[in-house]
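The values are calculated or read from the model by the stated rules, or taken from the named source; none is laboratory data. In this text, all values refer to a predicted model and were calculated from it rather than measured experimentally. Positions of Cβ are generated from backbone atoms using ideal geometry, with glycine treated the same way; all protein chains shown enter the neighbour counts.
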Amino acid sequence: MSLSVLMPVFALMTSLLASVVLFALPEKGYRLRTTINLVAAVVKIALVAVMIWGIARGREYEAAFTMLPGVEFVLRADALSMLFAGLSALLWLLTTIYAVGYLEDSPNRSRFFGFFSLCVASTMGIALAGNLFTFFLFYEMLTLSTYPLVVHRGTRKALRAGRNYIIYTLTGGAVLLLAIAWLHGLVGDLRFQEGGHFAGVDPSLQAPLTIIFVLLMTGLGVKAALVPLHGWLPQAMVAPAPVSALLHAVAVVKAGAFGIIRVVFEVYGLEAAEAMGLLAGLALVAAFTIIYGSTRALYQIDLKRRLAFSTISQVSYIVLGLCLFGPLGVMGGLVHLVHQGIMKITLFFCAGNYAETLGVHRIDELDGAGKRMPGTSVAFTLGAFGMIGAPPLAGFITKWTMGAGALEVGMDWVVAVLVVSSLLNAAYFLPILHRLWFAEQQQAWPHERRWGRLETSPWLLWPPLVTAVLLVLAGILANVPFSPLSWAELIVLREVAL
Amino acid sequence: MTLWLMAGLLFTPLAWAVLTLLVDFRMGRAVTWLGILVQVLVSLGLWAAVASDGGFYYLLGGWQAPLGIELRVDGLAVTFVLLTALVAAACGWHASVYLDPGKSWHRYFWPLFWFLWAGLNVVWLGGDLFNLYVGLELISLAAVGLVALGGQAAALRAAIRYLMAALLGSLAYLLGVALIYGQFGTLSLADVTALLSDGTVAAGQTFPLVLMLFGLALKTALFPMHGWLPPAHGIAKSPVSALLSALVVKASFYIAARLWLDLGGHLGGYELAQLIGVLGGLAVIWGSWLAFRQTKLKQVVAYSSVAQIGYLFLLFPLTWGVTDAISLQAQQGITLQVISHALAKAAMFLAAGNLIMSVGSNRVDALAGVSRFLPFSLFSFGLAGVSLMGLPPTGGFAAKWLLLQASLASGQWWWLGVLLAGGLLSAAYVFRVYQASFIDNTDTDHFFHPPKSLEVIPLILALLSLGLGLVAEPVLSVMALPFEGSSR
């Protein structure tokens, strides 16, 4: 066994093993649990960093075995997987730190962190999957491991949200399975491959391939929260803040978006998908989702719900980027996978801080919170400006690249979508910022907790500050090697035969 | 070497049945542990022997058929022998802790347990129709006795009902066997097949085959003949329920499948195959729906068996009139479904028994708080549920994948709906149990914590069922070993 085989296996195993150990730990083993969590997260970052370094220099990492007659289980690290794996490894560490602080003294921590690690293991598997079959394996594992996190509180509301979540995702999973099985029956086991498989495909296959594409997008669209398959997401807000952060920034919605990228790029191939006329419909759905999500966000009074509708809108940028099928547009979509993750996790961390420290859940209760919690509020402000697309933050890079990409291929209407969406983003974020910084505190905080001189627990404060710095750096240093944008460029150059 | 293994395999259960009949519960328990060890080792040995050298015919006592008893020891049979050993060992171990030695009638658990095991091995290895009948009867009678062991009036009622169904099924089967004998003059399945394929005997009527399949389907609780199963499996002691759902119903299905694969091509027909498939599909839908509606935990699990058995009958349409490749795919899928359901359902019944013991009630809504205070017991139940839902990477998923492929390749797309809807419906009843256990309405641990050994056993079974999907290819390759047909 050479190292190139073992690396992806190790990367998957770190969180899988951590999860098994965490389940077995007694509820009281607080220190040990925190140590295991952090060590596993750091080890994973190191493994992913090594693979990123190797892949930049042209190495390949792959492990495979035959699982069923004619079906292989493939773990493979390529440039595209590293985009997602890097994001999830980095944000896992920060979310773990945050979760340790957030769940202090609450029951069921063994269970929580066990499933939390399992969820990250699934995400890693999704990133490293080398064919659709393996992808599906981890995609369903993600569904199962997030359910206990969503219903973690055990309240009636949480259970209802959990039931809704599971109905949406399992039905989506069944549709996806049908599509994958059909595709397999039609053309056999297809590995993800640069440029896809269906360039110049037999015209007789075109009809079934089109139906399969629609089925695939439907199955993946549930997790990516494409309208009208998004209904589970706003409800899943009842989950604890670190879970919402994870669901929205890294795990669930990104798994769907990443799957769409894989299918379009490496199963169908961008050119073939365009030639079959599959992308136009997808672009319309994505554009509609962007506007719809932003519009609904305007009307939410609950902070987390507003962020949830914002997620629905933002994730579709990734999908829309793909549909631009020009190098710049694709780059914009890919880089948003990372940018949206960093920005959204910052916002959710901050929302969690307001809820935990001040007991604030509604936007109209936030008046004057900037004075009470300056660190959190600065991070929130940066995240919000990033989402709006203010230069030089990460979100600006995305929108700029995508806009340029759209003009390059003559899809001017996409620019209009971007502009409208940015205006809507401003319309629902700026009032919050105004309340934070410029409004006077009207009433006592609903449930205030004090941490001496600090505005909140350091476990809760540091993660959003770090991600806020990251989202500034991702914007300013966009052209430095190994920045998200440079990596997206590398993917486009290397993988997408344009 | 294989001679000794065969002798050990066939005679230990019978010898142990007699031995344990003579002693009390505790003594029987000790004796049984030794017997289980022997059986597991012998089964493993036989499986390894066949995996390395291929299958063979074994003539009991060296007598040639038709006088002697001829056993067919092939890859599929030894896989099921090994499966039986694993599941029975787990259930026997569980029962030895779970059953209360204070109740005098519990001592009969051991002899019945061993008779059941003997019958199962006869069925897996049986080469002629009459031996299969003997094995089947042995199983049925032992199983009815085990159900009655529950003790209450309701258990006896369920047992009587089960007995009636089993006897009717046996009768139909026996009648079919007699008609076959009248027509072909032999009881050996291999000889009948040979006579049919070289055209010595004209194909004749479908009726005997239909009669036998009817009897076997009744014993397997195929919809709409499933009425006897949920009361019997629900009321029996948990280790007994596990044995019944995991192994006993599979024995009659196994015979039906072998009859169909050997004779179905000549005596069966498209309509018959589709009819059986439709009944299977209805069983999946109706059984899952009823499982969802149950208020008692073990009834949920029992109705889930009705649903899961339904999948098995998709074998009939998916192997009739299709190419060999598709037929093989379907057979592999069904075999994986048999194995993974056996492991998962045994795990689930044992875990359900533990949960009921812990909360002191058999109702689903009594499970509130279990997830917080008894995560371990719930975990096995949950894992087994994942396999029943057919989600990856479990054996249930591997089975579903192969069946999907077989349905697509044979153009029988209507089974896709059954497979996908069945998965979602089973998710509905499994998640209903999860949901009940996640309700967090108490801060005190008022639950009884069962002994660790009781909790470990279902976990092992559930993990095996989970891992089956990952090692499906090597397992299937042993089953697909060429059968040389030489005698040893």
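Across the range A:184-209, the qualifying residues are those that are assigned to a helix (DSSP H, G or I) and more than 14 Å from chain B (Cβ to nearest Cβ), and the one among them that is farthest from B:Leu404 (Cα to Cα) is A:Pro203.
A:Pro228: without any contact (Cβ under 8 Å) to a residue 12 or more places away in the chain and of a type outside the set (Ser, Thr, Tyr), yes or no? It is true that A:Pro228 is without any contact (Cβ under 8 Å) to a residue 12 or more places away in the chain and of a type outside the set (Ser, Thr, Tyr).
For the range A:120-136, a tally of residues being closer than 21 Å to B:Tyr434 by Cβ and facing another protein chain (nearest Cβ under 10 Å) returns 0. Can you find, within the range A:388-447, the residue that is farthest from A:Ile290 (Cα to Cα) among those that are of a type in the set (S, T, N, Q) and under 22 Å from the mean Cα position of the chain (by Cα)? Top of the filtered list is A:Thr401. Based on this model, can you work out whether A:Glu266 counts as in a helix (DSSP H, G or I), of a type in the set (Asp, Glu), free of Cβ contacts under 8 Å to residues at least 60 places away in the same chain and more than 18 Å from A:Lys344 (Cα to Cα)? Considered against the rule, which asks whether it is in a helix (DSSP H, G or I), of a type in the set (Asp, Glu), free of Cβ contacts under 8 Å to residues at least 60 places away in the same chain and more than 18 Å from A:Lys344 (Cα to Cα), A:Glu266 comes out as no.
You will find that of B:Ser387, B:Ser305, the residue that is closer than 27 Å to B:Leu470 by Cα, within 12 Å of chain A (Cβ to nearest Cβ) and among the hydroxyl-bearing types (Ser, Thr, Tyr) is B:Ser387 and no other. When the range B:300-335 is limited to residues that are aromatic (Phe, Trp, Tyr) and in a helix (DSSP H, G or I), the one that is nearest to the chain's Cα centre (by Cα) turns out to be B:Tyr311. Listed conditions (1) among the aliphatic types (A, V, I, L, M); (2) in contact with a strand residue (DSSP E or B) (Cβ under 9 Å, 6 or more places away or on another chain); (3) crowded, with 24+ Cβ neighbours inside 10 Å; (4) part of a helix (DSSP H, G or I) are all met by A:Ile126, apart from (2). Of all the criteria given as (1) more than 11 Å from every other protein chain (Cβ to nearest Cβ); (2) assigned to a helix (DSSP H, G or I); (3) crowded, with 24+ Cβ neighbours inside 10 Å; (4) not polar (S, T, N, Q), the one not satisfied by A:Tyr139 is (1). Residue under question is B:Ile356, and the condition is that it be more than 14 Å from chain A (Cβ to nearest Cβ), of a type in the set (Val, Ile, Thr) and over 22 Å from B:Leu120 (Cβ atoms); does it hold? The answer is yes for B:Ile356.
Screening the range A:415-425 for residues that are buried (at least 18 other Cβ atoms within 10 Å of the Cβ) and of a type outside the set (Ser, Thr, Tyr) and picking the one that is nearest to A:Phe385 (Cα to Cα) gives A:Asn425. Regarding B:Val338, is this residue aliphatic (A, V, I, L, M), farther than 15 Å from B:Gly422 by Cα and assigned to a loop (DSSP other than H, G, I, E, B)? Against the criterion (aliphatic (A, V, I, L, M), farther than 15 Å from B:Gly422 by Cα and assigned to a loop (DSSP other than H, G, I, E, B)), B:Val338 does not qualify. Of the conditions (1) farther than 30 Å from B:Phe292 by Cα; (2) surrounded by fewer than 20 Cβ atoms within 10 Å (Cβ to Cβ), B:Met225 fails just one. Which one is it? Condition not satisfied by B:Met225: (1).
If you check A:Ala49, A:Ala64 for being part of a helix (DSSP H, G or I) and among the small types (Gly, Ala, Ser), only one passes: A:Ala49.
Checking the range B:129-145 against the condition returns no match, with no residue being assigned by TED's automatic domain parsing to the domain that holds B:Tyr108, on the phi > 0 side of the Ramachandran plot, in contact (Cβ under 8 Å) with a residue 12 or more places away in the chain and surrounded by fewer than 22 Cβ atoms within 10 Å (Cβ to Cβ). Candidates in the range B:457-477 are the residues that are more than 20 Å from A:Thr134 (Cα to Cα) and within 13 Å of chain A (Cβ to nearest Cβ); of these, the one that is surrounded by the fewest Cβ atoms within 10 Å (Cβ to Cβ) is B:Ser477.
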